[in-house]
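The values are calculated or read from the model by the stated rules, or taken from the named source; none is laboratory data. Note that the structure is predicted; figures quoted are calculated from it, not measured. When we count neighbours, we look across all protein chains shown, and the Cβ atoms used for this are built from the backbone with ideal geometry, even at glycine.
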Amino acid sequence: FNVICSALMAPANQTLLVDGEGVELMVIMMQFRKFAARGALRVLDFALMRHTGACRRFVDAMGLKTLFPGFVRPQSVCLSKGREGRGSAAEDEEHSVSVVASLLLRLSGEQHARVMRKFVESNYEKVDRLLELHDKYYARLAAAERREAAEAA
């Protein structure tokens, strides 16, 4: 998965992944929630970044249904009991947030509306999660800025 992510830094490779139905394959891998799900989420993060076509394919492949449980509970991305399954939930959280951000930035029309509708499901559970994440990352940013200011002084 690391090699695929590295290759996806080139826009031409993102297009090749979309044309080769790689987005759909990654969604299928995530649906099984085994050890490969974590790598598939990472690949999707790189694939959807700056690529509107990949974002459209993700939504069309029913990727929202697969993504949002991991957005709400990052530890649910990979249910494998093995060593590979105990990877960083923090990384899963960051990749999930990045995928959601890419979708919201790149999509328009009905597909954008589909993403937005996910946030009102389950009594706005995902909006609550988004606010939690905002507070968490804002606190991390403030702490980093304080450390940087202390080092500069």
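Just one of S102, S88, S122 is among the hydroxyl-bearing types (S, T, Y) and touching a Leu at 6+ places or on another chain (Cβ under 8 Å); which is it?
Result: S102 is the single residue among S102, S88, S122 that is among the hydroxyl-bearing types (S, T, Y) and touching a Leu at 6+ places or on another chain (Cβ under 8 Å).
Look through S76, S108 and report the one residue that is within 30 Å of D19 (Cβ to Cβ), loosely packed, with under 15 Cβ neighbours inside 10 Å and among the polar types (S, T, N, Q).
Just a single option satisfies the conditions, and that option is S108.
Residues are listed down the side, and each one gets a yes or a no for (1) of a type in the set (K, R); (2) in the same structural domain as E110 (by TED's automatic domain parsing); (3) surrounded by fewer than 19 Cβ atoms within 10 Å (Cβ to Cβ):
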| position | (1), (2), (3) |
| --- | --- |
| V23 | no, yes, no |
| M30 | no, yes, no |
| R38 | yes, yes, no |
| D45 | no, yes, no |
| H51 | no, yes, no |
| A61 | no, yes, yes |
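Need the failing condition index for V127 against (1) in the same structural domain as L44 (by TED's automatic domain parsing); (2) in contact with a Phe, Trp or Tyr (Cβ under 7 Å, 6 or more places away or on another chain); (3) farther than 14 Å from L67 by Cβ, just the number.
For V127, the exception is condition (1).
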